[in-house]
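Beneath this line is the structure, given in structure tokens, with notes to follow.
The values are calculated or read from the model by the stated rules, or taken from the named source; none is laboratory data. Owing to the predicted nature of the structure, the values given are computational and were not obtained by experimental measurement. Don't worry about glycine lacking a Cβ; one is built from the backbone with ideal geometry, like all the others, and counts go over all protein chains shown. Note: areas computed on protein heavy atoms with side chains; ligands, DNA, RNA excluded. Shrake-Rupley method; radii C 1.70, N 1.55, O 1.52, S 1.80 Å.
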Amino acid sequence: MKVKNQGPDAELVITFKEPKTDSNREEPNGYILTGDLEGRTRDGETTFSIEKSMLGRTLEFAITPDSSSGEGESITVTFEVPQTALDIDYSAWKEPDEREWALIVKNPDKYLGDKFVVYAEISQFDAATGEDTFRADAYPYNTGSIWIDGDNCLFTGSARELEDYVEDDVVRVWVTSLGSFSYDTQIGGTTTVPLFSVDKIELA
């Protein structure tokens, strides 16, 4: 058994094989799982999504061959689900230096899908941007107030995750680059800025 895809998409992968002790023994039609994990599989592998209620628990379940003859013994399996199975390892998010940040702002599409940690001062978060998107002046490190030095960027995430943040907040944001985005300005022009998906956010 193993945990796959640590984070919100974490799964518990169960792989098993019944030993053959008799060449005349009937091959099972599949396997039935009962106990803390319940299900049925036709082959020797099955996958379950990990839920919060499983974290830190020792799961116990039985695997029983399903055959018309009724032959085949059940085996009982236990597995302790790591408390951190649904946590995201943010070590893959890179903190760019000033030169790297300048290159990202210059050509956002080149960094599509890349992950960064940046600081931002929220400059617009209202009915015009919506509950799940804000505009901010972003920079690779916290200068205390980065209003003058930051670069105009757009950040989008879930409304629930962003509901406690308002204009003028300085935040630290773990983001994934979505490339460039163009939008109409209030004075009638169009501007193109880097667009980021918010993976994690906190007050700086």
Restricting to lysines and to Cα separations under 26 Å from Lys94, and discarding same-chain partners fewer than 8 apart, the set is Lys4, Lys106, Lys110, Lys115, Lys200
Label-point separation in nm, Thr58 to Asp132, each point 7 Å along Cα→Cβ: 4.2 nm
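Which whole-number percent of Cα pairs in the chain have a distance greater than 31 Å? All intermediate terms of the calculation are to be shown ahead of the outcome.
Details: 9125 of 20706 pairs.
So the pairs more than 31 Å apart make up 44 percent of the total in the chain.
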Residue-averaged [θ]222 nm for the chain, counting only DSSP H segments that reach four residues, each worth -39500 (n - 2.57): -1500 deg cm²/dmol
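Relative to the Cα centre, what is the charge dipole magnitude of the chain, using +1 at the beta carbon of each Lys and Arg, -1 at the beta carbon of each Asp and Glu, and rounding to the nearest 20 debye?
Working: 18 positive and 40 negative charges, 108 e Å.
Dipole of the chain, to the nearest 20 debye: 520 debye.
Over the chain, with every protein chain in place, what whole percent of the accessible area is carbon and sulfur at 1.4 Å, could you tell me? Don't skip to the end; give the middle numbers.
Working: 5390 of 12170 Å².
Of all accessible area on the chain, carbon and sulfur atoms account for 44 percent.
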Just to confirm a number: summing +1 for Lys and Arg and -1 for Asp and Glu over residues other than Leu59 whose beta-carbon lies under 13 angstrom from that of Leu59, what do you get? -4
Out of region 139-204, which chymotrypsin sites (Phe, Trp or Tyr not before Pro) are coil in DSSP terms and have no more than 10 other C-beta atoms within 10 Å? none
Restricting to the chain, compute how many DSSP beta bridges are antiparallel as a %, nearest 5. 95 percent
Between Ser158 and Asn29, 0.36 nm times their residue separation minus their Cα-Cα distance comes to what? 42.0 nm
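Express the relative contact order of region 24-110 as a whole percentage, based on alpha carbon pairs under 8 Å and six or more residues apart in sequence.
Relative contact order, region 24-110: 26 percent.
Could you compute the FRET efficiency for Gln83 and Lys4, with r as their C-beta to C-beta distance and R0 at 22 Å, rounded to 0.05?
Values: r = 17 Å, r/R0 = 0.76.
Plugging the Cβ-Cβ distance into 1/(1 + (r/R0)^6) gives 0.85.
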Within the chain, longest stretch free of exposed GluC sites (Glu not before Pro) [DSSP loop, at most 12 other beta carbons within 10 Å]: 74-162
Taking a point 7 angstrom from the Cα of Gln186 along the C-beta vector, which residues in region 111-134 have backbone N less than 13 Å away? 123-129
What stretch of the chain, leaving out the sites themselves, is the longest with no trypsin sites (Lys or Arg not before Pro) in a DSSP loop having at most 14 other Cβ atoms within 10 Å? 58-204
Could you work out the relative contact order of the chain? I mean the mean sequence separation of Cα pairs under 8 Å and 6+ apart, divided by the number of residues, in percent. 16 percent
